[in-house]
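Note sheet for the following structure.
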Amino acid sequence: MSFSVRPRRSVLYMPGSNTRALEKARTLAADGLILDLEDATAPDAKEDARGHVCAAAQARSYGRREVLIRVNGLNTAWGHADLVACATSGCDGVLLPKVESADAVRQAEAILRAAGAPDDLALWCMMETPRGVLDVAAIAGASPRLAGLVMGTSDLAKDLHCAHTRERLPLITGLGLCLLAARANGLAILDGVHLDLQDDEGFALSCAQGRELGFDGKTLIHPKTIGAANAAFAPSAEEVAWSRRIIEAHAEAVREGKGVVLVDGKLVENLHVESARRLVTLDEKIAALGGDLAGDRAMGSQA
């Protein structure tokens, strides 16, 4: 399963046990949703929550948003049943928590396959432990069903006994290793959450850092942060205009038998054009998703 260019600027965790929240998510401007059966769901609510999130995914009422279901680990009482239920739920992907080995990915994949999962049901892995980060190269290449990695920076900081500062310097090594593994295997990768909802400046800095590092977007814990994440990880109008210019200029150069071209004094070759095409495609898909969200909000206001 190769990396797909699609909006992943903002991916919001939603507690699987909260049916009102699951319904409300239809009107939120997040690019993606993680319907959570793990950390956000209490033990005595997990089985009911499993039914809620699978029903929500089967209803296909989230439009073009990417819908992932985070299951419980296979070392828990709920993990196996979560995977079986998710296999035919209609979600876009299953997010595995605390992945620490390639074998864990293959075990989950075997359960999904035996439960009738379609070939396009993706697997995603949470990278949130030191052991997982150290084995991320093997994990990222463990299965053709794998589509992406999600950083669990809060758990990782806890295990590292490090300070979880605004600059996140103690986490940079782990973030970098996971980015390298994701890109080497053609995977998407999402940055971890920012826990202080009162720290708007810190959230903005975290988003800016994440984009500079190369993340596709940010995982979120509250709807109030969706707009800022969308703005931070979206290509700017200037970037889109420049990308279109160099695509056109390079195409003209190729027609003239040239491999490179100067645009405003800057050398442009095929590697720049590939990045430009990805950015333009992302911008177009963001616009399409925005139209979807506007329709969903209008329907919600009429309900």
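Which is at pLDDT 95 or above and under 23 Å from Ile221 (Cα atoms), of Val84, Val150?
Residue meeting the stated conditions: Val150.
Quick check, is Ala163 open to solvent by 50 Å² or more (accessible area, probe 1.4 Å), modelled with pLDDT under 95, of a type in the set (Gly, Ala, Ser) and under 24 Å from Glu212 (Cβ atoms)?
yes
Of all residues being in contact (Cβ under 8 Å) with a residue 12 or more places away in the chain and in a helix (DSSP H, G or I) in region 254-274, which is farthest from the chain's Cα centre (by Cα)? Just the residue, please.
Only one residue tops the list, namely Asn270.
Search region 55-72 for residues that are under 17 Å from Gly148 (Cβ atoms) and pair each with any residue that is aromatic (Phe, Trp, Tyr) when their beta-carbon atoms are under 9 Å apart and the residues are at least 6 apart or on different chains.
Leu68/Trp124; Arg70/Tyr13; Arg70/Trp124; Val71/Trp78
Restricting attention to region 114-141, and to residues there that are under 18 Å from Leu83 (Cα atoms) and in contact with an Asp or Glu (Cβ under 9 Å, 6 or more places away or on another chain), which single residue is surrounded by the fewest Cβ atoms within 10 Å (Cβ to Cβ)?
Asp120
Checking the condition in contact with a helix residue (DSSP H, G or I) (Cβ under 8 Å, 6 or more places away or on another chain) and open to solvent by 60 Å² or more (accessible area, probe 1.4 Å), which residue from Glu239, Glu248, Glu212 passes?
Only one candidate qualifies: Glu239.
Would a scan of region 188-199 turn up a residue that is under 19 Å from Leu28 (Cα atoms), in contact with a helix residue (DSSP H, G or I) (Cβ under 8 Å, 6 or more places away or on another chain) and in contact (Cβ under 8 Å) with a residue 60 or more places away in the chain?
yes
Within region 37-55, track down each residue that is at pLDDT 95 or above, crowded, with 19+ Cβ neighbours inside 10 Å and of a type in the set (A, V, I, L, M).
Answer for region 37-55, where residues must be at pLDDT 95 or above, crowded, with 19+ Cβ neighbours inside 10 Å and of a type in the set (A, V, I, L, M): Leu37, Ala49, Val53.
For every residue, the table says whether it meets (1) open to solvent by 80 Å² or more (accessible area, probe 1.4 Å); (2) charged (D, E, K, R); (3) at pLDDT below 95.
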site	(1), (2), (3)
Thr219	no, no, no
Thr225	no, no, no
Ala229	no, no, no
Ala234	no, no, no
Ala253	no, no, yes
Val260	no, no, yes
Val263	no, no, yes
Lys266	yes, yes, yes
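Picking from Ala59, Ala110, which residue would you name as being at pLDDT below 95 and open to solvent by 30 Å² or more (accessible area, probe 1.4 Å)?
Ala59
Could you check how many residues of region 152-169 are of a type in the set (Lys, Arg) and part of a loop (DSSP other than H, G, I, E, B)?
Adding up the residues that qualify gives 2.
Return only the number of the condition from (1) open to solvent by less than 10 Å² (accessible area, probe 1.4 Å); (2) in a helix (DSSP H, G or I) that Ala30 does not satisfy.
Failed condition: (2).
Based on this model, can you work out whether Leu177 counts as within 25 Å of Ala142 (Cα to Cα), without any contact (Cβ under 8 Å) to a residue 60 or more places away in the chain and open to solvent by 20 Å² or more (accessible area, probe 1.4 Å)?
For Leu177, the condition - within 25 Å of Ala142 (Cα to Cα), without any contact (Cβ under 8 Å) to a residue 60 or more places away in the chain and open to solvent by 20 Å² or more (accessible area, probe 1.4 Å) - is met.
For Thr76, are the conditions met, namely being open to solvent by 10 Å² or more (accessible area, probe 1.4 Å) and over 30 Å from Ala234 (Cα atoms)?
yes
The values are calculated or read from the model by the stated rules, or taken from the named source; none is laboratory data. Keep in mind that this is a model prediction, so the values were computed, not measured. Glycine gets a Cβ as well: all are built from the backbone with ideal geometry, and neighbour counts include every protein chain shown. The accessibility values were calculated without ligands, DNA or RNA, using every heavy atom of the protein model including side chains. Shrake-Rupley method; radii C 1.70, N 1.55, O 1.52, S 1.80 Å.
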